[in-house]
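Structure record follows, encoded as structure tokens.
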Amino acid sequence: MKSILALLSITLLIGLSSCDEPTKQATTKNKSDFTNSGLIKEVIQTSNYTYCFVADDQSEYWVAIAKMEVTAGQTLYFNQGLQMKDFHSKELDRTFPSVFFVQKASTEPTDASIIPQMTQQPVKPKIEKNELTVEKAEGGITIAELYANKAKYANQKVKIRGKVTKFNTAIMSKNWAHIQDGTDYDGNFDLTVTTVDEVNIDAVVTFEGIIAIDKDFGSGYSYSIIMEEAIIVK
């Protein structure tokens, strides 16, 4: 595929043997909402997703769609998707070298009205600043310090304590939290965190994770700073 634009309606967010990374877009011959199609060669069902190994006339690759009944030998029609490399499915306990999460899919080339869609998206919700003060974690940093020194902390593991202001589960097999600690740097007071741990809104927790800079998930969902692979520490 030449572009990766649409973000899965993530619940937005899945593992198999080695596969070739898709490099070109397969275009349907019928006019519809679908811009790609491929022959299904293998199907893996999970509780929320259906993984299809598809082949077009140029490549073979995995796509993840909202759970639906499909079988090998059918043609799958789908729109553009978000590519995730080395994506680990916790439910399957296996890693996909490359998988495309797509928002719409069907075995009919033109019927877009009955397409099952995932119910959540890793969208950037409207963030409101809370008036609070959270003590910095021992050996950790504040959100303001992180934003003030983003280049220093890029790809580094850090600890940050904050109050959970938003929390969404099962988005791309991850949970997405927003935390604040009362500090602010140039209008940046909120940190997005991805984790497999679960937390309650309003809980004060310490996350330890890897800082990624300028992370773009496509379709406008980009983060100047995000903490990934985070775990809750005491």
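So, in the range 186-195, of the ones that are assigned to a loop (DSSP other than H, G, I, E, B) and surrounded by 14 or more Cβ atoms within 10 Å (Cβ to Cβ), which residue ends up nearest to the chain's Cα centre (by Cα)? Step by step, filter the range 186-195, then rank; the result is Asp190. Among the residues making up the range 150-185, a single one is exposed (fewer than 13 other Cβ atoms within 10 Å of the Cβ) and either in contact with a Pro (Cβ under 7 Å, 6 or more places away or on another chain) or on the phi > 0 side of the Ramachandran plot (or both): Asn155.
Evaluated against (1) modelled with pLDDT of 90 or more; (2) not assigned by TED's automatic domain parsing to the domain that holds Lys215, Asn149 falls short on exactly one condition, (2).
Looking across the range 64-84 at every residue that is over 16 Å from Ile171 (Cα atoms) and at pLDDT below 85, the one that is surrounded by the most Cβ atoms within 10 Å (Cβ to Cβ) is identified as Gln80.
The values are calculated or read from the model by the stated rules, or taken from the named source; none is laboratory data. For clarity, every value in this text was computed on a predicted model and none was experimentally measured. Reconstructed Cβ throughout: ideal geometry from the backbone, glycine too, with neighbour counts over all protein chains shown.
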